[in-house]
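Notes to accompany the following structure.
The values are calculated or read from the model by the stated rules, or taken from the named source; none is laboratory data. Owing to the predicted nature of the structure, the values given are computational and were not obtained by experimental measurement. Note that we place each Cβ from the backbone using ideal geometry, even for glycine, and neighbour counts take in every protein chain shown.
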């Protein structure tokens, strides 16, 4: 870690290159051609941090044209939610999107926003790289891992019913198709980003058939990638090792429930959801990068929000589009700004405003 | 040697020893003025079923035996060989536990994905040990990344995701049932609040995922809320499991007693044990209406690897502290205190620590050190 700090200038690009590139996408990278991407600024602090991202992209000269869409005020019957059909069509067409935090509307008669996006766009894998930020000290200094979570089935199928009064059953479903799909993506990601090891997290000693099927699929895919080490870790040991010695993990692939908990645990190791990028991969090569923190209505509009999570997610999106050099430059700029410590927002213990932080990042590009 | 109890008058008139700053624990033990008055005959030796188990199990249960003998504790062990790959727990073992009411056990390793259901789970269901308890706390002298950790995780032990009800619907599609009942949720909530009440704990936190599993975890929460009303002196709050794990890693001091359904309890207990020092040191057990099984706190299926067994470097601290809990359960508080104090002194000194705590000692060395420190 000390060595990394000394060689900050030269080592950071290597770290960045390993850390944040999602799948290889079928995009043409001819210079001069702008790519359209959908942007959902979201609610609360969403619009401010989306502006920060746009500013940084302008300064870096990224050829992206944003199509902005907002959550509607009434339920669209075609999608059964507050997201309109046009918004979803836009993502399907552009194949790339960036989403800010969205407040969940309360009430019945409509699906939740995240559920709508997931189902309509077929988002099957959630990728969250967790890297300790040099310069921002947490109790853990050397976290460098990626969690890949199956996003469609498992315990979150939503299939529950009351058998008799006082007895409720909830179904956990694991299918071969979904498990193979996420395992394929995990190994593909590992290979594309120079990662050495993939660990499948499970509880197959207790849930023998369900997690057993998940493991079988992972093993099948592992055979096709002999250059990548594959191991299976029971979730108890995984949790224990993550809090004692997170450096032992590289890429983690998990079913839905464990993935939810472990990815939030890993976010906690590096400093919380305000610093963690995230990206959802869908059928047909769709990549929807998102900020996983909340919309923080109490600081909305006050220029206090921390745009780091959305910026890092946007960098993930750039790597998906294979604008690797631009992605590296922006990523390094963000890391340097935080490492220097002069411009940090309130949640990191500093006093800078959103715009000051954004300007500092732009200066470093 | 067992100390003859001094007549009460002599003890009251003797000058109370001033606590020396280097050994605060010594001061506390000898200044004990609240005496436990047993009934005549309570000192008769109690039978305890002992299951050495797999992997490091025999090593660490051996350590407990040695320490119990050195203390002349009024327990005798009935040992039974059980291994994780047996199809069921032998009937004689269950008989013995029913008779003795208390069992001490090393871990039983469950083969992964195989046709055998976990024996740890079988034992719990058979004897209806519905509460699993893990006490995660910072041991003085053992450096960890987190301070001020003192969490007790109480986990429902019989239903939830571990019902074992799985089937293949069509080839390639498997379903597993998670069952939550009001009966089990209520009794675990009652146990958690009662535990907090009896141990002077201030807060009980229910861990759940009711925003997604609305009916199942919703039922669990309802039961917890109802029981909470009966204990107005104890604070109650609820937290979603993913946020809970994040908070445990960032600010563990906010948690006191946590009550959870089966699967989340497993994860939360392991995270809490990890931040406080690891599975090698956290005590715990399973308790039901009539019986109790004491074992290493978190992750009872983790029996270490062959290297540790070969080199005899397993950490006996967890099982020693669990056996102290067992001694209290059997109402031998003085023996329990002596054992706990000795173990904590050995850890605080730092000379004899096994590999998972950063040292190089063997199990036997740690055991001998504990025996030497028994007061």
In region B:55-66, how many are assigned to a loop (DSSP other than H, G, I, E, B) and within 18 Å of the chain's Cα centre (by Cα)?
1
Out of A:16, A:21, A:25, report the one residue that is at pLDDT below 90, touching a helix residue (DSSP H, G or I) at 6+ places or on another chain (Cβ under 9 Å), under 19 Å from residue A:312 (Cα atoms) and not in a loop (DSSP other than H, G, I, E, B).
A:16
In region A:256-285, what residues are more than 24 Å from residue B:272 (Cβ to Cβ) and buried (at least 23 other Cβ atoms within 10 Å of the Cβ)?
A:277, A:278, A:279, A:280, A:281
Which pairs turn up if I take residues in region A:229-240 that are at the interface with chain B (Cβ under 7 Å from one of its Cβ atoms) and look for partners that are crowded, with 22+ Cβ neighbours inside 10 Å and part of a strand (DSSP E or B) with beta carbon separation below 8 Å, at least 6 apart in sequence or on another chain?
A:235/A:201; A:235/A:202
Please find, among B:69, B:78, B:92, the residue that is free of Cβ contacts under 8 Å to residues at least 12 places away in the same chain, farther than 30 Å from residue A:234 by Cα and not in a loop (DSSP other than H, G, I, E, B).
B:69
Listing of strands (runs of 3 or more DSSP E) fully contained in region A:63-173 that carry 3 or more residues being closer than 17 Å to residue A:287 by Cβ
A:64-68, A:96-99, A:123-131, A:144-150
Exactly one of (1) in contact with a strand residue (DSSP E or B) (Cβ under 8 Å, 6 or more places away or on another chain); (2) within 14 Å of chain A (Cβ to nearest Cβ) is unmet by residue B:142. Its number?
(1)
Taking residue B:274, is it modelled with pLDDT of 85 or more, assigned to a strand (DSSP E or B), within 14 Å of chain A (Cβ to nearest Cβ) and buried (at least 24 other Cβ atoms within 10 Å of the Cβ)?
no
Working only within region B:162-192, note down all residues that are under 19 Å from residue B:222 (Cβ atoms) and within 7 Å of chain A (Cβ to nearest Cβ).
B:178, B:179, B:180, B:181, B:182, B:183
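Residues are listed down the side, and each one gets a yes or a no for (1) over 24 Å from residue B:180 (Cβ atoms); (2) within 14 Å of another protein chain (Cβ to nearest Cβ):
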position: A:137; (1), (2): yes, yes
position: A:156; (1), (2): no, yes
position: A:189; (1), (2): yes, no
position: A:204; (1), (2): no, yes
position: A:209; (1), (2): no, yes
position: A:213; (1), (2): no, yes
Does residue B:204 satisfy being under 27 Å from residue B:118 (Cα atoms) and buried (at least 22 other Cβ atoms within 10 Å of the Cβ)?
no
Looking for whichever is assigned by the TED database to the domain that holds residue B:79 and at pLDDT below 90 here; the options are B:328, B:313. Which one fits?
B:313
Residues of region B:203-261 satisfying the condition of being within 14 Å of another protein chain (Cβ to nearest Cβ) and over 28 Å from residue A:272 (Cβ atoms):
B:215, B:216, B:219, B:222, B:223, B:226
Which of the numbered conditions does residue A:357 fail, given that it passes all the others? Conditions: (1) under 19 Å from residue A:130 (Cα atoms); (2) surrounded by 24 or more Cβ atoms within 10 Å (Cβ to Cβ).
(1)
